[in-house]
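The values are calculated or read from the model by the stated rules, or taken from the named source; none is laboratory data. Remember, it's a predicted structure, so these values are computed and weren't measured experimentally. Note that we place each Cβ from the backbone using ideal geometry, even for glycine, and neighbour counts take in every protein chain shown.
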Amino acid sequence: MSRYREVPISPEMREGEDMPESKVVLHFFRHDRKENSRPEQDDKDVELTIEGRSNALQMGKLFPSKIETSWAAGSERIRSAHTALNRMAAQTGLLTPRMSYEQASRIVNEELKVGKKVTMLPELGFSYEEKFYETVSERIRQGHFLEFVANESDALALKQQDTTSSTYSRAAANFASLIAREMRAANAWQRVVREHPEKYADQENTMERYLGSHQVILENMYMKVVEKTHGREKLLQFIENMRDEEGKANGFDFHEGYTFTITNGTEGQKLMLEGIRGFENMEVTPELLQEIIDDAIHLDEAIEKSSPHSKE
């Protein structure tokens, strides 16, 4: 059984039918600055700095959420979930920079009382085997991480018989799997909007997801879409566009990322990826999402076949 979700087929076009448009908007972004870890502290437990928490709240006030129909999520590393929570709930006035993630999540869940408003999703995180991580660390130090992702990471996992590390194809497939889940949620949301056309009009018939993740992981999905939509040359151009003032291309800055918008209406369901770093918006079809997932499946199959323990 695949570790990834099945991509749903877009609903049929309903031209001429009286159907309100509904949206699910997925905001993917990098967390803010984390505290220095203590000796023996698990990386998953490292909090945001107070400045980082404050920055996330300021971002949330600058770009307020549709709080009634929104929720936040991060990886299993709490700095990502805390960034997402502060951005989503900033406008409520419930949170302060002094609050830990545990305090902030408890207050929001207790006070808003509209289901659980923050959670953790493993698809937003990363994992590296020790040997694989040695190369990752070296490429980051050199400022060539995105080149490594696109050109070497899958092949290195195959060479090392590594079935778990977050390579280009696996990280992108995790995001594609998460998006597939939200495509199903968007179909269900459309049914709710059709049955109650006035109920969520003040929210513009829109649900929002605030999804905190990490540098080295966020970029993989965008790069895959660029490569499959525009080709290898444009992928390399995107990497060039990602270089910082020192010429390094390691990934997004704090809070930087991209937005997927899933729209349901008379033409069925459409998925649009916001253009960033000099690129225009790109439509993402269910078939393209499935291709991204299949790349990861094929990588794992290749590793299994090349294993000394394989029966073949």
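Out of Glu246, Glu208, Glu240, one residue alone is modelled with pLDDT of 95 or more, in a strand (DSSP E or B), charged (D, E, K, R) and over 21 Å from Gln290 (Cβ atoms). It is Glu208. Contact map, the stretch 9-22: first residue farther than 11 Å from Arg194 by Cβ, second residue in a loop (DSSP other than H, G, I, E, B) and at pLDDT 70 or above, Cβ cut-off under 6 Å, separation 6 or more or different chains; pairs are Met13/Glu267; Glu15/Thr266.
Scan the stretch 88-113 for residues that are among the aliphatic types (A, V, I, L, M) and not in a helix (DSSP H, G or I) and the total you get is 3. Being polar (S, T, N, Q), touching a residue at least 40 places away in the same chain (Cβ under 8 Å) and farther than 17 Å from His27 by Cα is a property that Asn187 has. State whether the residues of the stretch 35-45 include one that is within 28 Å of Glu204 (Cβ to Cβ) and either touching a residue at least 40 places away in the same chain (Cβ under 8 Å) or surrounded by fewer than 22 Cβ atoms within 10 Å (Cβ to Cβ) (or both). Scanning the stretch 35-45 turns up no residue that is within 28 Å of Glu204 (Cβ to Cβ) and either touching a residue at least 40 places away in the same chain (Cβ under 8 Å) or surrounded by fewer than 22 Cβ atoms within 10 Å (Cβ to Cβ) (or both). For the stretch 285-308, state whether one or more residues are in a loop (DSSP other than H, G, I, E, B) and at pLDDT 95 or above. Yes, some residue in the stretch 285-308 is in a loop (DSSP other than H, G, I, E, B) and at pLDDT 95 or above. Whether a residue is free of Cβ contacts under 8 Å to residues at least 12 places away in the same chain and under 30 Å from Gly52 (Cβ atoms) was assessed, and Glu280 does not pass this test. The sole residue among Glu274, Glu256 that is under 21 Å from the mean Cα position of the chain (by Cα), within 20 Å of Glu204 (Cβ to Cβ), modelled with pLDDT of 95 or more and surrounded by 16 or more Cβ atoms within 10 Å (Cβ to Cβ) is Glu274. Would you check if Ala186 is crowded, with 16+ Cβ neighbours inside 10 Å, in contact with a helix residue (DSSP H, G or I) (Cβ under 8 Å, 6 or more places away or on another chain) and either more than 16 Å from Asp300 (Cβ to Cβ) or modelled with pLDDT of 95 or more (or both)? The answer is no for Ala186.
Every residue, every condition in (1) closer than 30 Å to Ser65 by Cβ; (2) touching a residue at least 60 places away in the same chain (Cβ under 8 Å), yes or no:
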{"site": "Leu124", "(1), (2)": "yes, yes"}
{"site": "Lys131", "(1), (2)": "no, no"}
{"site": "Val136", "(1), (2)": "no, yes"}
{"site": "His144", "(1), (2)": "no, yes"}
{"site": "Phe148", "(1), (2)": "no, no"}
{"site": "Asn151", "(1), (2)": "no, no"}
{"site": "Asp154", "(1), (2)": "no, yes"}
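Residues that are surrounded by 22 or more Cβ atoms within 10 Å (Cβ to Cβ), closer than 30 Å to Asp18 by Cβ and of a type in the set (A, V, I, L, M, F, W, C) do not occur anywhere in the stretch 223-231. Considered as a group, the residues in the stretch 156-183 that are assigned to a helix (DSSP H, G or I) and free of Cβ contacts under 8 Å to residues at least 40 places away in the same chain include one that is surrounded by the fewest Cβ atoms within 10 Å (Cβ to Cβ), and that residue is Lys159.
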